[in-house]
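**Student:** Okay, handing you the structure first.
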Amino acid sequence: MTSGQGLVVGATSEIGTAIATSLVSEVDRLVLWGRDPDRLAGAAAACRAARPELEVETRAVDVTRSAELADGVAALCAGGPVKVVVWTPGLFDWAPAQEADSARWRELAEVNVTAPMEFTPLVLPALVDAAPSALIYLGSGGGHAIYPNNAAYVSSKHAIAALAHATYADVRRYRVKVCVIAPGMVAAGAALWSPVGQEHPERLLRPEDVAAAVRFVVGFGDHGCPTEIRLQPHLME
């Protein structure tokens, strides 16, 4: 177990909750952020059920609001050393570029690109101070390929991969691990809208598979860093 705090941003999604519950044995205090207080309470309850003695704190945060990000990080740092941070928020859009809603694209860019870019320099000093530590971003298979009808989403996931790799280049000397986890289709969220997600969700990755990758990064030796992990389901055809 790491002596210090863990933060999961976006803990109210299925993947976020799975990641949070997977970290209960890795830290001695867990902080969960999300926009929906009821779903946050559910995620916290799942973490406490997995480890009753664990201190779990929740905070309602809209990641597109600069003041909420800054206040949330300040409160986190006041709670002790920050050892593990996992960033999961993301929006999806499905439309040909020539038919897309520009307002939706702006919203997607704010959540998928602007927010993590604003968050990263806020939280990195705490991770450097508490090193060895880990910063993990949830990316996507769309960050390494091009798909039609996905221009905004694919662009944003390429950006999060670049953010992770460039950030690691800056902080590797301090023993801060920075990794982007890029799953293919997961049986949660937007992937369930796809034909295979609707007809054969059992063929997709599970949220717990993504959580297992997070734990691998957290538990990896302090002498190195898995900078990128790509996950794919076996049975897509």
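The values are calculated or read from the model by the stated rules, or taken from the named source; none is laboratory data. Since this is a predicted model, take the numbers as computed values, not measurements. Virtual Cβ from ideal backbone geometry, glycine too; neighbours counted across all protein chains shown. Areas reflect the complete protein model, heavy atoms only, side chains present, ligands, DNA and RNA absent. Shrake-Rupley method; radii C 1.70, N 1.55, O 1.52, S 1.80 Å.
**Student:** Could you tell me whether the stretch 214-230 includes any residue that is at pLDDT below 95, more than 22 Å from residue 132 (Cα to Cα), surrounded by 15 or more Cβ atoms within 10 Å (Cβ to Cβ) and not aliphatic (A, V, I, L, M)?
**Tutor:** no
**Student:** Just a yes or no: is a residue in the stretch 116-125 over 21 Å from residue 6 (Cβ atoms) and at pLDDT below 95?
**Tutor:** Among the residues of the stretch 116-125, not one is over 21 Å from residue 6 (Cβ atoms) and at pLDDT below 95, which makes the answer no.
**Student:** Here is a follow-up. Can you name the condition, by its number, that residue 136 falls short on among (1) assigned to a strand (DSSP E or B); (2) open to solvent by 40 Å² or more (accessible area, probe 1.4 Å)?
**Tutor:** For residue 136, the exception is condition (2).
**Student:** Take the residues in the stretch 72-110 that are closer than 20 Å to residue 58 by Cα and part of a helix (DSSP H, G or I), then tell me which one is most open to solvent (accessible area, probe 1.4 Å).
**Tutor:** 78
**Student:** Also, I was wondering about something else. Return the pair list, or none, for Cβ contacts closer than 7 Å from residues in the stretch 36-57 that are in contact (Cβ under 8 Å) with a residue 60 or more places away in the chain to residues that are surrounded by 12 or more Cβ atoms within 10 Å (Cβ to Cβ) and in a helix (DSSP H, G or I), at least 6 apart or on different chains.
**Tutor:** Close Cβ pairs (under 7 Å, with a partner that is surrounded by 12 or more Cβ atoms within 10 Å (Cβ to Cβ) and in a helix (DSSP H, G or I)) do not exist here.
**Student:** Being over 18 Å from residue 120 (Cα atoms) and of a type in the set (S, T, N, Q) is true for just one of 21, 64, 88. Which residue is that?
**Tutor:** 21
**Student:** Looking at this structure, is residue 11 aliphatic (A, V, I, L, M), assigned to a helix (DSSP H, G or I) and open to solvent by less than 10 Å² (accessible area, probe 1.4 Å)?
**Tutor:** no
**Student:** Turning to a different aspect of this structure: What's the total number of residues in the stretch 157-210 that are at pLDDT 95 or above, over 13 Å from residue 227 (Cβ atoms) and not in a helix (DSSP H, G or I)?
**Tutor:** 1
**Student:** Now for a different question. Within the stretch 89-98, can one find any residue that is under 15 Å from the mean Cα position of the chain (by Cα) and either under 22 Å from residue 220 (Cβ atoms) or modelled with pLDDT of 95 or more (or both)?
**Tutor:** First, the residues of the stretch 89-98 that are under 15 Å from the mean Cα position of the chain (by Cα): 89-92.
From what is left, the residues that are either under 22 Å from residue 220 (Cβ atoms) or modelled with pLDDT of 95 or more (or both) are 89.
Yes, the stretch 89-98 contains at least one residue that is under 15 Å from the mean Cα position of the chain (by Cα) and either under 22 Å from residue 220 (Cβ atoms) or modelled with pLDDT of 95 or more (or both).
**Student:** Taking the stretch 139-153 as the search range and keeping residues that are part of a loop (DSSP other than H, G, I, E, B), open to solvent by less than 20 Å² (accessible area, probe 1.4 Å) and in contact with a strand residue (DSSP E or B) (Cβ under 9 Å, 6 or more places away or on another chain), which one is farthest from residue 20 (Cα to Cα)?
**Tutor:** Among those that are part of a loop (DSSP other than H, G, I, E, B), open to solvent by less than 20 Å² (accessible area, probe 1.4 Å) and in contact with a strand residue (DSSP E or B) (Cβ under 9 Å, 6 or more places away or on another chain), it is 140.
**Student:** Okay, next question. If you go through the stretch 33-54 one residue at a time, do you hit one that is aliphatic (A, V, I, L, M), closer than 23 Å to residue 207 by Cβ, assigned to a strand (DSSP E or B) and in contact with a helix residue (DSSP H, G or I) (Cβ under 6 Å, 6 or more places away or on another chain)?
**Tutor:** Scanning the stretch 33-54, I find no residue that is aliphatic (A, V, I, L, M), closer than 23 Å to residue 207 by Cβ, assigned to a strand (DSSP E or B) and in contact with a helix residue (DSSP H, G or I) (Cβ under 6 Å, 6 or more places away or on another chain), so the answer is no.
**Student:** Restricting to the stretch 47-60, and then to whatever is under 20 Å from the mean Cα position of the chain (by Cα) and open to solvent by less than 40 Å² (accessible area, probe 1.4 Å), can you tell me which residue is nearest to residue 19 (Cα to Cα)?
**Tutor:** 47
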